[in-house]
Amino acid sequence: MQDSDSSIIDWDIFARARAEMGPGFIRILGYFREDGETAIERIEQAMRRRDAAALVRPAQTLETGAHELGAAPLSELAETIETTARRAIEMRVFPDELIPAVSRLRPLYRETVDLVEREVNPLAERRRVRG
């Protein structure tokens with residue numbers, strides 16, 4: 001892991017989660033990957049449909065999973081989407097101000113997953129470099 005990676009993942013939290021979950025950690029990572037992809041797809045669809053209520057649950061799912069792994073930037077971005085959507089629902093408006101946040105979500109998620117994959121499987125990076 002590199003120092004720049006620590007701005008995306010708090011490796012101390014990641015290591016603690018890995019130790020606490022033991023052998024089930026890899027399974028949890030699989031859920032994070034699958035649930036994260038689904039959550040992002042649902043968030044993007046909700047934005048296209050202008051459905052503020054449909055933003056809440058997938059953003060909350062993504063926020064929780066990222067938080068557990070120490071991925072604070074992803075967790076915070078998802079939390080911003082969730083809380084802004086909730087506020088918009090109460091005000092009966094659509095949160096257009098979330099467009100920049102939602103556009104950053106997928107790239108940040110992919111970068112987070114790539115770092116996690118590299119951490120749990122150091123050989124994956126070597127295979128990619130070789131071609």
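Bear in mind that the values in this text are calculations on the coordinates, not laboratory data. Only a predicted model underlies this, so the values are computations on that prediction, with no experimental measurement involved. Cβ coordinates were reconstructed from backbone atoms using ideal geometry, including for glycine residues, and neighbour counts include every protein chain displayed.
Only helices enter this figure: runs of n ≥ 4 DSSP H residues, each worth -39500 (n - 2.57), summed and divided by the residues of the chain, yield -26500 deg cm²/dmol at 222 nm to the nearest 500.
Choose one answer from L55, L115, L74: the residue with the largest mean-square fluctuation in a GNM of the chain with alpha-carbon springs under 10 Å. Most flexible of the set in this elastic network: L115.
Measuring how big the stretch 3-130 is from its alpha-carbon positions, Rg and Dmax come out at 15.6, 53 Å.
For the stretch 42-83, a crude dipole built from +1 on the beta carbon of Lys and Arg and -1 on the beta carbon of Asp and Glu, taken about the Cα centre, is about 320 debye to the nearest 20. Taking the chain as the reference, fit the longest principal axis to its C-alpha atoms, fit the long axis of helix 11-21 to the helix C-alpha atoms, and give the angle between the two in degrees, 0 to 90, nearest 10. Once rounded, one gets 80 degrees. Mind pulling the angle between the C-alpha long axis of helix 25-49 and the longest principal axis of the chain? Nearest 10 degrees, somewhere in 0 to 90. It works out to around 30 degrees. Residue by residue, the stretch 93-109 carries 3J(HN,Hα) couplings of 10, 9, x, 4, 5, 7, 3, x, 5, 5, 5, 8, 4, 4, x, 5, 4 Hz when phi is fed to the Karplus relation 6.51 cos²θ - 1.76 cosθ + 1.60 (θ = phi - 60°); x denotes Gly or Pro. What does the convex hull of the Cα atoms of the stretch 17-72 come to per residue, in Å³, rounded to a whole number? For the stretch 17-72, the hull spanned by Cα atoms encloses 62 Å³ per residue. Evaluated with a Cβ-only charge set (Lys, Arg +1; Asp, Glu -1), the stretch 31-119 carries a dipole of roughly 440 debye about its Cα centre, given to the nearest 20.
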